[in-house]
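A short worksheet on the structure shown next.
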Amino acid sequence: MNKAKAIENQNELFGHPVGLYILFFTELWERFSYYGMRALFTLFLVAETTADNPGFGWTNQEALELYGWYTMLVYVSSIPGGWVADKLLGQKKTVLLGGILLCIGHSVLAFDSEMTFYIGCLFIILGVGGLKPNISSMVGGLYKQGDERRDLGFYIFYMGINIGGFLAPIACGFLAQKYGWHWGFGLAAIGMFLGQVVYMWGQKHLKHVGNLISRKNEADKAILDKPLTSIEKDRVKVLLLSFLLIILFWAAFEQAGGLMNLYAQQKTDRTILGFTVPASWFQSINSFFIITLATVVGSFWFKWKKKGKEASSIFKMAMGIIIMAVGFGFMSMASVQYEETGSSAMYWLVLAYLFHTIGELCASPVSLSFITKLAPLKYASIIMGMYWAATGLGNKVAGLIGESAQSLGEFEVFTGIAVVWTLIGLIVILLLKPLKRLTHGAEDATMEEGIPKETTVE
């Protein structure tokens with residue numbers, strides 16, 4: 001049975017392929033492990049070695065520098081992960097390998113020593129590189145070209161990411177605070193093991209997706225040997241331009257795990273009715289808002305498009321950047337309040353995360369779907385790897401921006417992001433028409449094998 005036939009005949013649940021829900025739960029637990037570790041990362045590094053719950057005793061700047069390198073490498077490793085999938089193993093087996101490496105990495109972090117911390121980080125970097133780009137590509141592979149359910153499928157998949165992202169900082173943060181940092185890291189490892197079990201159990205629903213494109217198969221050989229058309233080259237160009245937006249978006253957004261995480265710990269009044277809210281819990285706010293607002297934002301864009309208004313993926317990304325930038329305006333106000341009173345209220349962080357989340361919902365899920373629409377099939381995993389590498393570079397820039405706040409000041413950094421990123425979003429909107437022309441109608445429903453019906457291939 002060929003792939004097109006297999007897609008038509010796959011079992012469905014709630015209007016989507018059953019395989020989507022296997023990937024949903026796999027990613028949910030993988031992100032539980034990652035965001036659980038991420039919520040503790042900088043807080044553990046700056047915890048005093050003589051404290052009741054000791055860490056490494058680093059300075060803020062040292063912690064933010066390592067955070068930037070770590071989060072960059074986690075995502076940049078998606079490029080070799082995509083290459084392994086496209087050339088050696090296929091997406092499905094590379095996800096399996098990545099999951100095994102992640103299980104090892106998170107388990108090693110549960111041991112209390114500096115050496116095991118670095119070894120655990122290394123395995124996590126390699127594991128995310130194998131899993132992250134390929135599981136996203138597999139989601140796109142569940143749908144035929146032009147299937148309007150694809151964007152919604154990515155929203156559902158994205159919900160899995162954020163359910164894991166919501167639960168992890170609360171659960172891992174609670175254990176880390178009450179029993180010790182490495183108990184929190186250990187719970188992250190358990191989450192990854194659960195994700196791996198789900199993925200292995202669900203293989204029967206993924207037989208037709210994520211397989212290696214091999215020259216031994218005549219149909220696959222034709223795909224591999226066929227040179228890129230002028231249309232495909234234009235689409236790769238617009239994808240590369242969109243990756244610049246991805247870098248800029250995450251450079252600002254990822255202040256959440258670094259600068260804003262430390263700001264919550266050190267400069268925010270976190271007391272409610274005598275209870276001090278752990279700083280790590282604020283890492284769950286973004287995921288909470290995604291879970292509660294994803295349907296609202298998705299429905300808005302659906303109705304917006306039905307009215308005939310601009311709803312292209314590039315436009316959504318630009319709007320996401322602008323809305324996210326507005327959130328930093330609230331952090332500027334928090335900084336002003338801190339300078340005046342010696343602490344800032346929690347509601348500034350909540351408002352900032354609210355706008356960051358709405359911006360993320362406009363930009364991130366659609367960018368994943370956008371790549372699966374435009375990427376040439378024989379380079380699908382490598383290009384998805386480049387997307388995650390762009391995310392990683394954004395994370396590194398985020399670390400550098402966070403470090404600069406130690407000398408420039410939080411107010412200057414937060415305000416700078418609010419102003420500059422708003423201008424970037426507006427510039428992209430002004431350039432929207434020429435950018436859309438490069439897609440050659442890839443987002444139109446009237447598509448056949450990725451080519452507009454009215455278009456001839458050169």
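Points to keep in mind about this one:
- Directionally averaged projected area (convex hull, Cα atoms, the range 65-180), nm²: 8.5 nm²
- All-pairs Cα distance distribution in the range 292-390, expressed in whole percent, bin size 10 Å: 15, 33, 28, 16, 6, 1
- Separation of alpha-carbon centers, the range 305-330 and the range 94-167, rounded to whole Å: 26 Å
- When exposed loop sites are taken as trypsin sites (Lys or Arg not before Pro) in a DSSP loop with at most 12 other Cβ atoms within 10 Å, the longest stretch of the chain clear of them is 1-214.
- Intensity falloff of the range 92-143 expressed as log10 I(q)/I(0), Debye formula with alpha-carbon point scatterers, at q = 0.20, 0.30 Å⁻¹: -0.62, -0.98
- Summarising the label geometry, the points placed 7 Å from Cα in the beta-carbon direction at Leu88 and Lys237 lie 3.4 nm from one another.
- With the gyration tensor restricted to C-alpha atoms of the range 179-313, the semi-axes of the equivalent ellipsoid amount to 40, 26, 18 Å, longest first.
- Separation of the Leu423 and Asp147 label points, Cα + 7 Å toward Cβ, nm: 4.4 nm
- The alpha carbon gyration tensor of the range 52-124 gives principal lengths a ≥ b ≥ c with a/c of 1.5 or higher and a/b no greater than b/c, which makes the shape oblate.
- Rounded to the nearest 10 Å², the accessible area of Tyr143 at probe 1.4 Å: 10 Å²
- Fully extended contour minus Cα-Cα distance, from Glu412 to Ile100, at 0.36 nm per residue: 108.0 nm
- Ranked order, Glu114, Glu340 - accessible area, probe 1.4 Å, largest first: Glu340, Glu114
- Accessible-area value, Val108, 1.4 Å probe, nucleic acids and ligands omitted, Å²: 30 Å²
- Column: log10 I(q)/I(0), Debye, Cα scatterers of the range 7-61, q = 0.16, 0.20 Å⁻¹: -0.62, -0.76
- Relative to the compact-globule estimate of 2.2 N^0.38 Å, the Cα radius of gyration of the chain comes out at 0.97.
- Each of Thr292 and Ile119 was given a label point 7 Å from its Cα along the Cα-to-Cβ line. The distance between the two points is 4.3 nm.
The values are calculated or read from the model by the stated rules, or taken from the named source; none is laboratory data. What you see is a predicted model, and the numbers here were worked out from it, not measured in a lab. Backbone-built Cβ (ideal geometry, glycine too); neighbour counts: all protein chains shown. Quick note on the areas: whole protein, heavy atoms, side chains included, nothing else; ligands and nucleic acids left out. Shrake-Rupley method; radii C 1.70, N 1.55, O 1.52, S 1.80 Å.
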